[in-house]
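First comes the structure, then the notes that go with it.
What follows draws every value from the coordinates through simple rules; no lab data is involved. The shown structure was predicted, so the numbers you read here are calculated from the model rather than taken from an experiment. Backbone-built Cβ (ideal geometry, glycine too); neighbour counts: all protein chains shown.
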Amino acid sequence: MVITVEEGAASVAEDAPRSPYEAAFKNGTTIYPRVLLFVELAPAGPLGVPIGFCRIRSARSSLDKAPWKHLQTL
């Protein structure tokens, strides 16, 4: 097996497909408000949790921005 290395420049294909929604959306897959959609496991309370269930709470991040930063954790 022989490996060869060639120098070149990267470029975007001119015939790359474009989304019909490209002009309408600017955030891509950013989800607002994140605090309502992402969760993390929460510790079980003093009575535990029923079999087959787990406690969860909103996943918070130091990167949360206003006004979402001030929403109550669920």
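Key figures
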item: Where chymotrypsin sites (Phe, Trp or Tyr not before Pro) fall in DSSP loop in the range 19-72, at most 14 other Cβ within 10 Å; result: Tyr21, Phe25, Phe38, Phe53
item: Coil-residue GluC sites (Glu not before Pro) of the chain, DSSP, other Cβ within 10 Å capped at 12; result: Glu6, Glu7, Glu14, Glu22
item: Sum of side-chain charges, Leu41 neighbourhood, beta-carbon under 13 Å (Lys, Arg +1; Asp, Glu -1); result: +1
item: Low-density loop cleavage sites - trypsin sites (Lys or Arg not before Pro) in the chain, where at most 15 other Cβ are within 10 Å (DSSP); result: Arg18, Lys26, Arg55, Arg60, Lys65
item: Per-residue Cβ neighbour rank within 10 angstrom, fewest leading, Ile51, Ile56; result: Ile51, Ile56
item: Most mobile listed residue (Leu47, Leu36, Leu63) in the chain, GNM with C-alpha springs under 10 Å; result: Leu47
item: Extended-chain gain in nm, criterion 0.36 nm per residue less alpha-carbon gap, Trp68 and Val49; result: 3.9 nm
item: Of Gly48, Ser19, Leu71, farthest towards positive along the dipole that unit charges on Lys, Arg, Asp, Glu beta carbons give the chain; result: Gly48
